[in-house]
Amino acid sequence: VEKPLVRIAQKIDKAFFEPLDELEYSRLGLVIDENVHHHHYKRLKKYLPDHTVFKVRAGEQHKNIATCEKIWRYFYDRGFDRQALVLVIGGGVTTDMGGYAAECWKRGLRYVLMPTTLLGMVDAAVGGKFGVDFRDGKNLIGLFGEPMAIWMATDFLNTLPERDLKAGYAEVLKHGLISDRIFWEKCSTKFPNIEKYEEVEGLLWRSIELKQEVVDIDPLERGLRKILNFGHTIGHALESLYLKTETPLLHGEAVAIGMVLEARLSAEHTGLKRTDARMIEERLEALGFELWPAKVEWDTMEELLLQDKKAKSGELRFTLLENIGNARVDVPIPLDAVKDVCKRLLK
Ligand SMILES: NC(=O)c1ccc[n+]([C@@H]2O[C@H](COP(=O)([O-])OP(=O)(O)OC[C@H]3O[C@@H](n4cnc5c(N)ncnc54)[C@H](O)[C@@H]3O)[C@@H](O)[C@H]2O)c1
Ligand SMILES: [Zn+2]
């Protein structure tokens, strides 16, 4: 499959949408997150040719088949055929679901992803995985697909809540930890100034490049792609656990904690230097990540860990670091060892 063309710009302006003039399409549709619509649509509208709009309600709880059905209903009512073109504009919730809905419609509608969150730009919109949640499982329904292009404008980030911005940054740091020590050094010592375009642009490009390199080698997640799961085995369990409390964690916040704890596992099992494991913890803390939220029950945590797709008969498989910049996938780890590194979080 051909790689989608990634473009990064500072602003939404006339030039941003000029590539549309080169394309032939029967209809142009927007599938856009409601908050992004609220903050940015007035501006977008000025530069867009004739189009219609479908607004997606914000929040993970709407990333499901019921919303897809509404999107398909919109395609249907507006007579979207395979010559139609859709711009999917929003965070990971919108791009995961919009891409999925477009891929399914008549076996594939053309679409451009326009991620508007940091997490979307460095992670969710890149790599061709799309899908929605089902029952209590995340991303249970989905497919691998390919957008026509990925267009980003960093000025979307100006309206993103600080908390979402920081959570997205956890994935940037992860990219450094698993594959580029120099990038990690640069990113982990200071939070980027999002007002400075050059700074943000450089960070986006490197992060996207790192993810794409991995995805190119292993598009279907048979092996190498699993390095992207660093911090996510424990992270996902924490994310689900806190979802049921009064203080839920954002995905990136849970991943930050997961990375600290999995770095400790790496020191025990895959030869990461202890000083490096400590450095990861100190840097994340200094960047303002809350590493020790309210305490949780181990029993619930254990149950959630065992639900992980990578768990095999009571034993967990982790992606761990051999050193900063190199990860190893499928490392079997006994549950007791996991409990041990989680100690400080447990009741
Ligand atoms: N497909 C993949 O490979 C992949 C990878 C990582 C994450 N994901 C998915 O991404 C999702 C999380 O993405 P997310 O963190 O972007 O969350 P999100 O899409 O829910 O966006 C976070 C919040 O920010 C709002 N928002 C978005 N852009 C904004 C802007 N520019 N200004 C103001 N508000 C804005 C949204 O309305 C929402 O309230 C999860 O569902 C996760 O499963 C997918
Ligand atoms: Zn993640």
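For the residues TYR41, TYR25, the requirement of being closer than 20 Å to THR159 by Cα and either part of a loop (DSSP other than H, G, I, E, B) or within 16 Å of ligand 1 (Cβ to nearest atom) (or both) singles out TYR41. Considering only the range 68-91, state which residues are surrounded by fewer than 22 Cβ atoms within 10 Å (Cβ to Cβ) and in a helix (DSSP H, G or I). Scanning the range 68-91 gives CYS68, GLU69, LYS70, TRP72, ARG73, TYR74, TYR76, ASP77.
I want to confirm something. Restricting to the range 100-134 and keeping residues that are within 16 Å of ligand 2 (Cβ to nearest atom), open to solvent by 10 Å² or more (accessible area, probe 1.4 Å) and among the small types (Gly, Ala, Ser), which single residue is farthest from the chain's Cα centre (by Cα)? Looking at residues that are within 16 Å of ligand 2 (Cβ to nearest atom), open to solvent by 10 Å² or more (accessible area, probe 1.4 Å) and among the small types (Gly, Ala, Ser), I get GLY127.
For first residues located in the range 283-299 and touching a residue at least 40 places away in the same chain (Cβ under 8 Å), partners that are among the charged types (D, E, K, R) and lie 6+ apart or on another chain with Cβ distances below 7 Å form the pairs GLY288/LYS166; PHE289/GLU253; TRP292/ARG344; LYS295/LYS347; VAL296/LYS347; GLU297/LYS347; TRP298/LYS339. In the range 230-246, of all residues being within 13 Å of ligand 1 (Cβ to nearest atom) and at pLDDT below 95, the one that is most open to solvent (accessible area, probe 1.4 Å) corresponds to LEU243.
In the range 261-275 there is at least one residue that is open to solvent by 30 Å² or more (accessible area, probe 1.4 Å) and within 19 Å of THR189 (Cβ to Cβ).
Which one of LEU210, LEU220, LEU224 is touching a residue at least 40 places away in the same chain (Cβ under 8 Å), more than 11 Å from ligand 1 (Cβ to nearest atom) and either open to solvent by less than 30 Å² (accessible area, probe 1.4 Å) or over 21 Å from GLY325 (Cβ atoms) (or both)? Please lay out each step first, then the result.
Values: LEU210 fails: touching a residue at least 40 places away in the same chain (Cβ under 8 Å); LEU224 fails: either open to solvent by less than 30 Å² (accessible area, probe 1.4 Å) or over 21 Å from GLY325 (Cβ atoms) (or both).
Of the residues listed, the single one that is touching a residue at least 40 places away in the same chain (Cβ under 8 Å), more than 11 Å from ligand 1 (Cβ to nearest atom) and either open to solvent by less than 30 Å² (accessible area, probe 1.4 Å) or over 21 Å from GLY325 (Cβ atoms) (or both) is LEU220.
Let's see how each residue does on (1) part of a helix (DSSP H, G or I); (2) over 25 Å from THR116 (Cα atoms):
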| position | (1), (2) |
| --- | --- |
| LEU157 | yes, no |
| TYR169 | yes, no |
| LYS186 | yes, no |
| PHE191 | no, no |
| TRP205 | yes, no |
| GLU209 | yes, no |
| HIS236 | yes, no |
| GLY252 | yes, no |
| GLU262 | yes, yes |
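Filter the range 283-297 down to the residues that are surrounded by 13 or more Cβ atoms within 10 Å (Cβ to Cβ) and at pLDDT 95 or above, then identify the one that is nearest to LYS347 (Cα to Cα). Applying the filter and picking the extreme gives LEU291. Among the residues of the range 238-250, those that are in a helix (DSSP H, G or I) and among the hydroxyl-bearing types (Ser, Thr, Tyr) comprise SER240, TYR242.
Do we have any residue at all in the range 298-308 that's at pLDDT 95 or above, of a type in the set (A, V, I, L, M) and under 21 Å from the mean Cα position of the chain (by Cα)? Checked the range 298-308: no residue is at pLDDT 95 or above, of a type in the set (A, V, I, L, M) and under 21 Å from the mean Cα position of the chain (by Cα).
The values are calculated or read from the model by the stated rules, or taken from the named source; none is laboratory data. These numbers were taken from a predicted model, which means no experiment stands behind them. Cβ coordinates were reconstructed from backbone atoms using ideal geometry, including for glycine residues, and neighbour counts include every protein chain displayed. For accessibility, only protein heavy atoms count, side chains too; no ligands or nucleic acids. Shrake-Rupley method; radii C 1.70, N 1.55, O 1.52, S 1.80 Å.
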